[in-house]
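Q: Input: one structure, supplied below.
Bear in mind that the values in this text are calculations on the coordinates, not laboratory data. If you're wondering where the values come from, they're calculated on a predicted model, not measured in any experiment. We place every Cβ from the backbone using ideal geometry, glycine too, and count neighbours over all the protein chains shown.
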Amino acid sequence: MDNGENIQIERMVRQKKGRPGEEIEVLLSDASSFFAALKSWQQHPFHEGDTLTPEDLRKLRDESATISVRSRAMALLSRAEHSHFMLSQKLVSRGHEQSIVTRVLDELAGDGLLDDARFAASWTRDRVRRHPEGRSMLVAGLRQRGVSSQVAEDAVSDVFESEEFSIDEVVLSLAHRFFRARGATPDRVTAKLLRRGFPHTVVRRAINEISGTDPAESEE
């Protein structure tokens, strides 16, 4: 512990600790210990028997924690896009300090490696392919993942205005799938599509094209 006195390094044990890479467990003369990132040690070597001042110890711990957070964050980003909020939550839940996580993620965002707009576009495209929903539900899904309202609205608009997707085609494809279910009727399929948050006018066109039945007429 940092008690204002110099502390001696009694033992160093090199080991593997998960995805951030190799780390060194540093055991100190006051019976405390910490993990130093191997990269940090390579840049500023220290050895058993060395004496550390409280400031030396603070810097070592901070530098090692920063390296560990950045390595973990990059490993997660290499597998999938994340929003700033989601990545922060994951890192903190794995035991990293919030202040260090915030600093590292701000740096990654500044370097263009973490981008909420890019995440929102990727998540929306994937959601429309796997579980099509209407605009309001897609925006709500992005908001739950920490994306700002404006970024969420823009991402959903861009996806539905792109050549890859159109809301009419998405609803029509989903309606065809629902009509293949046992007991499907125009009214039931209409209800399922509306629960997904699709506009009534778009749903009405899709049902009419497939079944020749206008849901609005059955309501009269």
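Q: Explain nothing, just the number: relative contact order of the chain, from Cα pairs under 8 Å at least 6 residues apart, as a whole percent.
A: Numbers: 266 pairs, mean separation 28.1, N = 220.
Computed over the chain, the figure is 13 percent.
Q: Between residue 47 and residue 149, what FRET efficiency comes out of the Förster formula 1/(1 + (r/R0)^6) with R0 = 35 Å and r the beta carbon distance, rounded to 0.05?
A: Values: r = 54 Å, r/R0 = 1.53.
That pair, residue 149 with residue 47, gives E of 0.05.
Q: For a Förster distance of 35 Å, can you work out the FRET efficiency between the beta-carbons of residue 194 and residue 97, rounded to the nearest 0.05?
A: Values: r = 46 Å, r/R0 = 1.31.
Result of the calculation: an efficiency of 0.15.
Q: Stokes-Einstein D for the range 116-158 at 37 °C, 0.692 mPa s, Kirkwood Rh over Cα pairs, in µm²/s? All intermediate terms of the calculation are to be shown ahead of the outcome.
A: Working: Rh = 9.7 Å.
After rounding, the answer is 338 µm²/s.
Q: Then there's this: When the chain is fully extended, how far beyond the present Cα-Cα distance does residue 211 get from residue 163, taking 0.36 nm per residue of separation?
A: Residue separation times 0.36 nm, minus the Cα-Cα distance, leaves 14.6 nm.
Q: Run the quick spin-label model on residue 184 and residue 80: label points 7 Å from Cα toward the beta carbon, then report their separation in nm to one decimal.
A: Label-label distance for residue 184 and residue 80, simple model: 2.8 nm.
Q: Based on the alpha-carbon gyration tensor of the range 167-218 and its eigenvalue square roots a ≥ b ≥ c, which shape applies: rounded if a/c is under 1.5, prolate if not and a/b is larger than b/c, or oblate? Before the final figure, lay out each step's value.
A: Numbers: a/c = 1.32, a/b = 1.08, b/c = 1.22.
Rounded.
Q: A further question follows. Taking all pairs of different Cα atoms in the chain, averaging 1/r and flipping that mean, what Kirkwood radius in angstroms comes out? Working shown, then result.
A: Working: mean 1/r = 0.0470 Å⁻¹.
Computed over the chain, the radius equals 21.3 Å.
Q: For the range 184-194, in order, what is each residue's ³J(HN,Hα) by Karplus, 6.51 cos²θ - 1.76 cosθ + 1.60 with θ = phi - 60°, in whole Hz (x at glycine and Pro)?
A: 5, 9, x, 5, 5, 5, 4, 4, 5, 5, 5
Q: At a Cα cut-off below 14 Å, give the aspartates and glutamates reachable from residue 90, other chains included and same-chain residues fewer than 8 away excluded.
A: By straight Cα distance, residue 90 reaches 81.
Q: While we're on this one: Taking 0.36 nm per intervening residue step and subtracting the Cα-Cα distance, what contour gain separates residue 107 from residue 31 on full extension? It would help to have the intermediate numbers written out before the result.
A: Values: separation 76, 0.36 × 76 = 27.36 nm, distance 3.44 nm.
Residue separation times 0.36 nm, minus the Cα-Cα distance, leaves 23.9 nm.
Q: At most 12 other Cβ atoms within 10 Å and a DSSP loop assignment: could you name the GluC sites (Glu not before Pro) in the range 116-192 that fit? Present the calculation step by step, with values, prior to reporting the outcome.
A: Numbers: sites: 133, 153, 161, 163, 164, 169; in loops: 133, 163, 164.
Those that pass, being in a loop and sparsely packed, are 163, 164.
Q: What size of dipole, in debye to the nearest 20, comes out for the range 79-157 about its Cα centre when the only charges are +1 on Lys and Arg C-beta atoms and -1 on Asp and Glu C-beta atoms? Please report the intermediate quantities before stating the final value.
A: Working: 12 positive and 11 negative charges, 91 e Å.
For the range 79-157, the charge dipole is close to 440 debye.
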